[in-house]
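Novice: Supplied in structure tokens, the structure appears directly below.
The values are calculated or read from the model by the stated rules, or taken from the named source; none is laboratory data. Quantities reported herein were computed from a predicted structural model and do not represent experimental measurements. Cβ placement follows ideal geometry from the backbone for every residue including glycine, while neighbour counts extend to all protein chains displayed. Heavy atoms of the whole protein, side chains included, go into the accessibility calculation; ligands, DNA and RNA do not. Shrake-Rupley method; radii C 1.70, N 1.55, O 1.52, S 1.80 Å.
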Amino acid sequence: MGRMRLRSWQLGMAGLLIGLLATTAVGGPSRGLVRLTFYYPVGVAGPLARVIDEMVSDFNRQTPDVEVVAVYSGDYDPTMQKVQTAVMAGNPPDIAIVEISEMPTLLAMNAIIPLDSYARAEGREWLRDFFPAFLQNSYSDGRFYAVPFQRSTPVLYWNKDAFREAGLDPETPPATWEELEEYAKRLVKRDAAGSIQRWGVTISGGWNDWLFEAFVRQNGGVLLDYGRRQLRLDSPEAVEALRFWVRLTTELKVAPPHSTWASTPPDFVAGRTAMLYHSTGILTFLKNSARFPFGVAFLPRKKQYAVEVGGGNFYVFKNIPKAHQDAAWRFIRWMVTPERAARWSMASGYIAVRQSAYEVPTMKDFVAKNPEYLVAREQLRYAYGKIMAPNFQRLREILKRALDDATGGRLAPEAALRRAQQEAEQALSAWLRR
Amino acid sequence: MPPEASCYSRARGTEVLLYLLPSLVFLAVFTYWPIVRAVATSLLEWNISHPQPRFAGLRNYIVLAADPVFHLVMRNTLLLALVAIPLSIALALLFAVLLHEPLGSLRPVYRAAVFYPTMVPMAAAAMLWVWLFNPSIGLVNYYLGRLGIPRVEWLYDMTWALPAVMISWIWKNVGYLAILYLAGLQAIPRDLLEAASVEGAGFWQRLRHVTLPLLGPTTVFVVAVSVINSFQIFDAVHIMTQGGPADRTNVVIYYLYQQAFRFWDIGVASALTVLFVVGLLSVIAAVVRQMERRVFYEV
């Protein structure tokens, strides 16, 4: 009796859920219409969700047999959570944009399909048109899984008024670590009580693991080699890079020891920091908000110029009908045509993922008027793939904690990174090769 | 007589069961069954490296015991409870006593002002506090500067981030506790206080010897609610600090969320859930038992 009751109740609930899903996502494929669910994040604040919505509407208008339902899923982390939950529940989205380092985790979950055959069908030139650095996070064991879309690199922003005030040439950003330190010392401003009024430089927190990776590369080191499955968080190059951070933050006190990813762009706009390490993705926000002239530069070098690519890629999911996967590819291909890549870049500040996008007339006019949008593209010559591994989120938390502990003066750089290495080895033990 | 009575009570019993059934079904589906599942899952190794769950005994509990972040998380959670709960109870009592005084026509205004933070969703309030604690343009530092106190980096500082979260939590909770205390105060018979006055007791003596003892039952409830609330803090941390810097504001529920939805370690997350439920229940049981010994329920 009780069981019966429970079952009919469950049935009712299930019916309700199916009804809800039917109205939102699944839909009736009665007229041969393929309806695709597409999760997308917007990694950097702003009205960018609207731009995606417009592009999706354009696609739906031009493609009568496919309807893409775009689901805004918050920041990168919530998007990954949404995707993982959906995959675990056996109801994956058809398409999602997920942060590029998550690919190995998606593979470990057996969630995504390789796209080699689709890419091959487009012809060899199609893939070659993407900036090579952006494709480095697309391959695993020689197979192609991810199409670049909203892609960035870190850059250095500098406040020209602050430079002038400190007696520095407002048109010349620091090119080396030594210059960065020197400039930061001159740019920092304290009041009579010794409180900071303006930091010399801010290396943004929150994704400081990403920025740190660039510093290690600049110093000639590598944190993680995905192909060889090797991890080296405590190499001498990494320790020296972290020592440099600690010098800026706790020794010289010209940089804040901690911050958050969302708070530092407003800090720069408010004049609270004279230089800022952040993503190219905030360029349009800064242009619209800053009431002083500012510049965009390569990250200063140590042994070499170097940055990591960042951002989000398109993935197509397993356990959906073949017709959906085919339609998903059509949508992705449409989204990364040179015209659309150019449009997305102009709206956001992200780098257009394809080289031919910079030949599109509107884009040509735009970058002629706004040359700072080209800096990140030029910097791609020195760009590497981003750190990635199954369970990337844990690796990232381990590294962030080490960085925060060191800049907070709680642990020496060597000790912090050695601890991180040990913790990460344990967390990735099933994947690492010794 | 007896058979009749038992027959009657059996019929009553069925009736009672019938009335309770809806909530029983919901509790069973959404509370009891998940608890059983959590205990079972906590014995599985089930994570990114092992997407197929397999039995692993107490492995997840051992992992947690050896996890330095877990120790930090426990420290933060307990610190928050031990500092923020007494402070918020003291403030709530103060507000309640003040609100209980004749304040004339402004009383509803004051009462609304004290209760208001309770009605703001914590997520929205946390956004507000992010701005208040902003080191350069935040009001908190502005007033500290006015008072000549050195400015603090608040949410960016390893030492001050947790106190900042505590402050926002106290702000959010005091109003609710104050209303509970106000109800308790209003239930105290006037004649007791008047009798004390006649005997020559001053304000403090009346508070100490009449009001506070009679607020005992309220205090038990207030403490229990505060313990639950403080252990469950999540949204404030998620929005204000994401547990940082270096996990100095990471608390149990936030760590649970990280384990489950960011690291995707379902086994460890379940073990954490079990520890959390057992820990919370035993803390509350201990607190309530301790306090009830010293409480009069009858006036």
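Novice: Taking all pairs of different Cα atoms in the range B:169-246, averaging 1/r and flipping that mean, what Kirkwood radius in angstroms comes out?
Specialist: 14.9 Å
Novice: Okay, moving on. Based only on the alpha carbon positions, what is the Kirkwood hydrodynamic radius of the range B:1-151, in angstrom?
Specialist: Final number for the Kirkwood radius of the range B:1-151 is 22.7 Å.
Novice: Oh, and also: Check each residue of the range A:268-286 and keep those whose accessible area, probe 1.4 Å, is at least 10 Å² smaller with all protein chains in place than in the chain alone; give them in order of residue number.
Specialist: A:ALA270, A:ARG272
Novice: Sort A:HIS258, A:HIS324, B:HIS209 by accessible area with a 1.4 Å probe, largest first.
Specialist: B:HIS209, A:HIS324, A:HIS258
Novice: Within 10 Å, at most 11 other Cβ atoms, and a DSSP state outside H, G, I, E, B define an exposed site. Report the longest part of chain B free of exposed trypsin sites (Lys or Arg not before Pro).
Specialist: Free of exposed loop sites, the longest segment is B:1-292.
Novice: Once the whole set of protein chains is in place, how much accessible area is left on B:PHE115, using a 1.4 Å probe, in Å² to the nearest 10?
Specialist: That residue has around 60 Å² of solvent-accessible surface.
Novice: With all protein chains present, how much of the accessible area of the range A:302-434 (probe radius 1.4 Å) comes from carbon and sulfur, to the nearest whole percent?
Specialist: With neighbouring chains kept in place, the figure for the range A:302-434 is 50 percent.
Novice: Right, another one. I'd like the accessible area for A:GLU237, computed on protein heavy atoms only with a 1.4 Å probe and all protein chains in place. Round to 10 Å², please.
Specialist: 50 Å²
Novice: Could you give the size of the charge dipole of the protein assembly as shown about its Cα centre, using +1 on the Cβ of each K and R and -1 on the Cβ of each D and E, expressed in debye and rounded to the nearest 20?
Specialist: 560 debye
Novice: In angstroms, what radius of gyration and Dmax does the range B:64-292 have, counting Cα atoms only?
Specialist: Just the Cα atoms of the range B:64-292 yield Rg and Dmax of 20.2, 66 Å.
Novice: Expressed as a whole percentage, what fraction of the accessible surface of chain B belongs to carbon and sulfur atoms when a 1.4 Å probe is rolled over the protein heavy atoms?
Specialist: 71 percent
Novice: Roughly how much of A:ASP405 is accessible, in Å² to the nearest 10, using a 1.4 Å probe?
Specialist: Its accessible surface works out to 10 Å², give or take rounding.
Novice: Another question, if that's okay. Find the relative contact order for the range B:64-292 and round it to a whole percent, using C-alpha pairs within less than 8 Å whose residues are 6+ positions apart.
Specialist: Computed over the range B:64-292, the figure is 29 percent.
Novice: I've got another one for you. Answer with one residue from B:VAL222, B:ALA123, B:LEU139: the one whose Cα lies farthest towards the positive end of the charge dipole of the range B:64-292, charges on Cβ with Lys, Arg +1 and Asp, Glu -1.
Specialist: Going by the charge dipole, the pick is B:LEU139.
Novice: Regarding the protein assembly as shown, what are the three Cα extents along the principal axes, ordered largest first, in Å?
Specialist: Principal-axis extents of the protein assembly as shown (Cα, largest first): 94, 74, 54 Å.
Novice: OK, next. What whole-number value in cubic angstrom gives the convex hull volume per residue for the C-alpha atoms of chain A?
Specialist: Dividing the Cα hull volume of chain A by its residues yields 173 Å³.
Novice: I've got another one for you. With all protein chains present and a 1.4 Å probe, how do B:TYR116, A:TYR373, A:TYR139, B:TYR142 order by accessible area, largest first?
Specialist: Output order, biggest surface exposure first: B:TYR116, B:TYR142, A:TYR139, A:TYR373.
Novice: Could I ask something else about it? Under the rule a/c < 1.5 gives rounded, and otherwise a/b versus b/c splits prolate from oblate, where does the range A:298-434 land using the Cα gyration tensor?
Specialist: Here the range A:298-434 falls in the oblate category.
Novice: Hey, another quick one. Under a 1.4 angstrom probe, counting protein chains only, how are B:VAL109, A:VAL71 ranked by accessible area, largest first?
Specialist: Largest to smallest exposure gives the sequence B:VAL109, A:VAL71.
Novice: Name the residues whose placed amide hydrogens come within less than 5 Å of the amide hydrogen of A:THR176, ignoring near sequence neighbours (fewer than 5 apart) on the same chain.
Specialist: Hits under the 5 Å cutoff: A:ARG301.
Novice: Pairs of alpha-carbon atoms within less than 8 angstrom and 6+ residues apart define the contacts here; what relative contact order does the range A:150-264 have, in percent?
Specialist: 22 percent
Novice: Still on this model: Just to verify a number: FRET efficiency for A:GLU54 and B:ILE228, C-beta to C-beta distance, R0 = 45 Å, to 0.05?
Specialist: 0.45
Novice: Compute the distance in nm between two label points, each set 7 Å from the Cα along the Cα-to-Cβ direction, one at B:LEU147 and one at B:PHE55.
Specialist: Once both label points are built, they end up 6.0 nm from each other.
Novice: Using protein chains only (no ligands, no nucleic acids) and a 1.4 Å probe, work out which residues of the range A:192-220 have their accessible area cut by at least 20 Å² relative to the chain alone.
Specialist: A:SER195
Novice: On average, how much accessible surface per residue is there in chain A, in Å², for a 1.4 Å probe, leaving out ligands, DNA and RNA?
Specialist: Result: 40 Å² per residue.
Novice: Run the reach check for A:LYS364 against lysines, Cα to Cα strictly under 29 Å, same-chain hits fewer than 8 apart removed. What comes back?
Specialist: Result set, ordered by chain and number: A:LYS160, A:LYS287, A:LYS386.
Novice: With a 1.4 Å probe and all protein chains left in place, how much accessible area per residue does chain B have, in Å²?
Specialist: 54 Å²
Novice: Then there's this: Please give me the summed charge of the neighbours of A:ALA327: other residues whose Cβ is under 12 Å from its Cβ, Lys and Arg +1, Asp and Glu -1.
Specialist: So the surrounding residues net to 0.
Novice: Percent relative contact order of chain A, based on C-alpha pairs within less than 8 angstrom and at least six residues apart?
Specialist: Reported as a whole number, the value is 23 percent.
Novice: Which whole-Hz ³J(HN,Hα) couplings does the range A:356-368 yield from phi under the Karplus relation 6.51 cos²θ - 1.76 cosθ + 1.60, θ = phi - 60°, glycine and proline marked x?
Specialist: Values per residue, Gly and Pro as x: 5, 4, 7, 9, 5, x, 4, 5, 4, 4, 5, 6, 5 Hz.
Novice: Shifting gears a bit: Could you work out how far the C-alpha centroid of the range B:189-264 sits from that of the range A:395-434, in angstrom?
Specialist: Spelled out, the Cα-based centre of one part sits 36 Å from the other.
Novice: Additional query: Please give the FRET efficiency for B:LEU193 paired with B:TYR116, using the beta carbon to beta carbon distance and R0 = 35 Å, rounded to the nearest 0.05.
Specialist: Calculated transfer efficiency: 0.75.
Novice: In the range B:252-272, what residues drop by 40 Å² or more of accessible area when the other protein chains are put back, versus the chain on its own? Use 1.4 Å, and skip ligands and nucleic acids.
Specialist: Output list: B:PHE261, B:ARG262, B:PHE263, B:TRP264.
Novice: Now for a separate question. Where nothing but the Cβ of Lys and Arg (+1) and of Asp and Glu (-1) is charged, how large is the charge dipole of chain A around its Cα centre, in debye to the nearest 20?
Specialist: Here chain A has a charge dipole of around 740 debye.
Novice: Go through the range A:95-109 residue by residue and turn each phi into a ³J(HN,Hα) via Karplus (6.51, -1.76, 1.60, θ = phi - 60°); whole Hz please, and just put x for glycine and proline.
Specialist: Listing the rounded values in order: 9, 8, 9, 10, 4, 4, 6, 7, 3, x, 5, 4, 5, 4, 7 Hz.
Novice: Taking each pair of distinct Cα atoms in the range B:7-63 once, what is the resulting Kirkwood hydrodynamic radius in Å?
Specialist: 14.2 Å
Novice: Still on this structure: Considering the options B:SER105, B:TYR32, B:ILE239, tell which one lies farthest towards the positive end of the dipole of chain B, charges being +1 on Lys and Arg and -1 on Asp and Glu at the Cβ, about the Cα centre.
Specialist: So the residue furthest toward the plus end is B:ILE239.
Novice: Run the simple label-point estimate for B:VAL16 and A:LEU33 please: 7 Å along Cα→C-beta, distance reported in nm.
Specialist: 5.6 nm
Novice: To the nearest hundred square angstrom, how large is the accessible surface buried between B and A, total for both chains, probe 1.4 angstrom?
Specialist: The buried area between B and A, both sides summed, comes to about 3000 Å².
Novice: Give, rounded to the nearest 20 debye, the magnitude of the charge dipole that the range A:74-225 has about its Cα centre when Lys and Arg contribute +1 at Cβ and Asp and Glu contribute -1 at Cβ.
Specialist: With Lys and Arg at +1 and Asp and Glu at -1, about 140 debye.
Novice: Rounded to the nearest 0.05, what FRET efficiency do B:VAL25 and A:ARG228 give with R0 = 51 Å and r taken as the Cβ-Cβ distance? Could you check?
Specialist: So, using R0 = 51 Å, E works out to roughly 0.40.
Novice: Give a residue-ordered list of calculated ³J(HN,Hα) values for the range A:200-213 (Karplus: 6.51 cos²θ - 1.76 cosθ + 1.60, θ = phi - 60°; whole Hz; x for Gly, Pro).
Specialist: Couplings: x, 8, 10, 9, 4, x, x, 10, 5, 4, 5, 5, 5, 4 Hz.
Novice: Here is a follow-up. Please state, to two decimals, what the Cα-based radius of gyration of the range B:79-126 comes to when divided by 2.2 N^0.38 Å (N = residues).
Specialist: In units of the globular-protein estimate, the range B:79-126 measures up at 1.37.
Novice: Amide H to amide H under 5 Å from A:PHE144: which residues, 5+ apart in sequence or cross-chain, H placed 1.01 Å off N in plane?
Specialist: The answer is A:LEU115, A:ASP116.
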